[in-house]
Each structure stands twice: as structure tokens, then as C-alpha cells.
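**Student:** Dropping a structure here in C-alpha cells format, bear with me for questions.
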Amino acid sequence: MSLISGIVPVPRPAGRFAVLVDGRELAVLSLDAIEQLRLAVGRSIAGLEDAIALEAKRLHTYDRALNILAFRARSSSELARSLIRKGEERPHVEWAIARLTEQGLLDDEAFARSFARAKVVGGKQSRRRVQQDLARKGVSRTVSNDAIDTVFEEEAVDQRSIVEEAARKKLRSLAGLDPAVQRRRLYGFLARRGYELDDIRGALDAIGSSLARD
């Protein structure tokens with residue numbers, strides 16, 4: 001009969017315990033799982049093998065998710081894709097995502113607001129570009145729009161001023177060119193960054209007197 005001969009903490013990560021059976025490590029579990037399965041030294045694991053294996057696999061995926069989040073914040077969808085690419089099984093990924101969300105360690109709304117604030121305030125990016133970037137990260141359109149609206153309101157963002165600032169900065173690299181060429185290249189540059197056409201036209205009109213200056 002296979003009996004639990006020890007339940008000992010492992011060095012890393014904290015809060016994890018090695019379950020030893022007949023002196024050999026069977027699985028690494030959380031304290032919650034140990035209590036849920038009522039594991040104790042001297043108890044037989046007969047009939048518990050599958051449950052122990054499941055909890056060990058879930059915990060492995062969960063800890064891997066924590067390591068990924070420690071490196072950089074991610075949306076739930078982005079985190080799930082990363083875990084699956086690393087070979088984690090989808091059911092365990094879904095369990096880990098649900099657990100992290102329940103614990104408040106994974107929050108798409110908070111992630112979207114933080115991302116939007118960094119890109120709009122720090123990176124001077126357009127609303128459309130931020131929407132596209134958040135979509136690539138798996139954030140829903142509703143969540144991304146709400147986040148961007150919040151950032152624009154809280155930071156009193158003036159999109160027209162951002163476009164004009166970007167245009168003036170780019171203009172310095174176009175000094176000496178014909179005004180028509182400058183305007184065409186500026187238009188293309190701003191359009192590729194996702195700014196609205198009305199804002200682009202307004203910015204070009206605002207800096208019109210600066211075109212072709214050395």
C-alpha cells in the first residue's frame with residue numbers, strides 16, 4: 001500500500017509542498033489542494049492518484065502564469081495564448097485564468113486602462129492604434145473603448161494637439177524638401193499612425209506656415 005511519508009515545503013515558490021509517498025516525491029501541491037484532498041502523513045493515496053495528478057498539473061500551469069505576469073502585465077486572452085504556446089493544456093489554462101481573475105491578479109479592464117494610458121499619454125498614439133493593439137492582445141472592443149474613453153477623460157487628452165505635435169516632430173526630418181512633398185509625406189506618416197483624417201488635416205493646416213523651412 002502506498003502511504004504518504006511526508007509533506008514538506010519546497011524552496012520555490014513559496015506556499016508549495018512536496019507530497020512524498022514511500023519516501024519519493026509524488027507531486028507538488030498547494031496547501032489548499034492538500035487540505036481539500038485531506039492528505040496527511042500516514043494516509044494511503046489509493047483512489048486519490050488522479051485527483052492528486054490533476055491538482056499538480058493545475059498548480060504547475062497556475063505558477064507558470066504567475067511567472068509570465070511577473071515579467072509583464074497581460075490580458076487574459078494574451079496570457080492564455082502564451083501558456084498554450086508553452087505546452088500547457090487548455091483545461092488547466094482555463095482553470096488558472098479563472099483562478100487568477102477571481103483573485104484579482106488578472107483584470108482585463110484594469111489592463112486595458114493601464115495600456116491605453118501608457119500609449120496615449122506616453123506614446124502619443126491615436127485612439128485607433130490603441131484599439132488595434134488591444135484587439136491584438138485579445139481585449140474586447142467594448143472593454144478597450146471604455147478604457148480609452150476613461151483615459152481621454154481623466155487625462156484631458158486633446159487628440160488634435162497630439163497629432164499636431166507628432167507632425168511638427170516629423171517635420172524636422174523633412175527640412176529642405178518641397179512644401180508639397182513635405183505635406184504628402186506628413187499626411188502618409190500620420191495616417192499610418194492611425195490618426196483621424198480630420199485631425200490630420202487640421203494639424204497640417206496648423207503647421208502650414210512651417211512647411212519648407214530649413
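The values are calculated or read from the model by the stated rules, or taken from the named source; none is laboratory data. Here the structure is a predicted model, which is why all the values come from computation and not from measurement. When we count neighbours, we look across all protein chains shown, and the Cβ atoms used for this are built from the backbone with ideal geometry, even at glycine. Side chains are part of the model used for accessible areas, which takes the heavy atoms of the whole protein and leaves out ligands, DNA and RNA. Shrake-Rupley method; radii C 1.70, N 1.55, O 1.52, S 1.80 Å.
**Student:** Using modelled amide H (1.01 Å from N, peptide plane; none on Pro or chain starts), what sits under 5 Å from the amide H of Gln125, excluding residues fewer than 5 places away?
**Tutor:** So Gln125 has HN proximity to Val120.
**Student:** Calculate, for the chain, the solvent-accessible area per residue in square angstrom, rolling a 1.4 angstrom probe over the heavy atoms of the protein chains.
**Tutor:** 58 Å²
**Student:** Picking from Ser76, Ser30, Ser114, which is most flexible by a Gaussian network model of the chain using Cα springs under 10 Å?
**Tutor:** Of Ser76, Ser30, Ser114, the Gaussian network model singles out Ser30 as fluctuating most.
**Student:** How about the stretch 126-214: which GluC sites (Glu not before Pro) there are in a DSSP loop, with at most 12 other Cβ atoms within 10 Å of their Cβ?
**Tutor:** When the GluC sites (Glu not before Pro) of the stretch 126-214 are filtered for loop state and at most 12 Cβ neighbours within 10 Å, Glu155 remain.
**Student:** Go through the stretch 13-30 residue by residue and turn each phi into a ³J(HN,Hα) via Karplus (6.51, -1.76, 1.60, θ = phi - 60°); whole Hz please, and just put x for glycine and proline.
**Tutor:** x, 5, x, 10, 10, 8, 8, 9, 10, 6, x, 10, 5, 9, 6, 10, 10, 7
**Student:** For Arg24 and Leu66, what does the FRET efficiency come to when R0 = 35 Å and r is the distance between their Cβ atoms, rounded to the nearest 0.05?
**Tutor:** Working: r = 27 Å, r/R0 = 0.76.
Step by step, r from the Cβ atoms, then E = 0.85.
**Student:** Then there is this: Using 7 Å Cα-to-Cβ label points, what is the Arg43/Leu177 separation (nm, one decimal)?
**Tutor:** Output for this residue pair reads 7.3 nm.
**Student:** Follow-up. Which one, Ala40, Gly123, Val8, projects farthest toward the positive side of the charge dipole computed for the chain from Cβ point charges (K/R +1, D/E -1)?
**Tutor:** The residue sitting most towards the positive pole is Gly123.
**Student:** Turning to a different aspect of this structure: Structure shown: which of Lys57/Lys86; Lys119/Lys169; Lys57/Lys137; Lys86/Lys124 lie over 23 Å apart, alpha-carbon to alpha-carbon?
**Tutor:** Over 23 Å apart, Cα to Cα: Lys57/Lys137; Lys86/Lys124.
**Student:** Add +1 for every Lys or Arg and -1 for every Asp or Glu among the other residues with Cβ under 12 Å from the Cβ of Arg16, and state the total.
**Tutor:** Neighbourhood net charge equals -3.
**Student:** Can you work out the Karplus-derived ³J(HN,Hα) for every residue in the stretch 96-101? Use 6.51 cos²θ - 1.76 cosθ + 1.60 with θ = phi - 60°, whole Hz, and x for glycine or proline.
**Tutor:** Rounded to whole hertz, the list is 5, 4, 4, 5, 5, 5.
**Student:** Now for a separate question. Can you compute 3J(HN,Hα) from phi for each residue in the stretch 138-155, using the Karplus curve 6.51 cos²θ - 1.76 cosθ + 1.60 with θ = phi - 60°, rounded to whole Hz and x for Gly and Pro?
**Tutor:** x, 7, 5, 4, 5, 5, 5, 5, 4, 5, 5, 4, 4, 5, 4, 6, 5, 9
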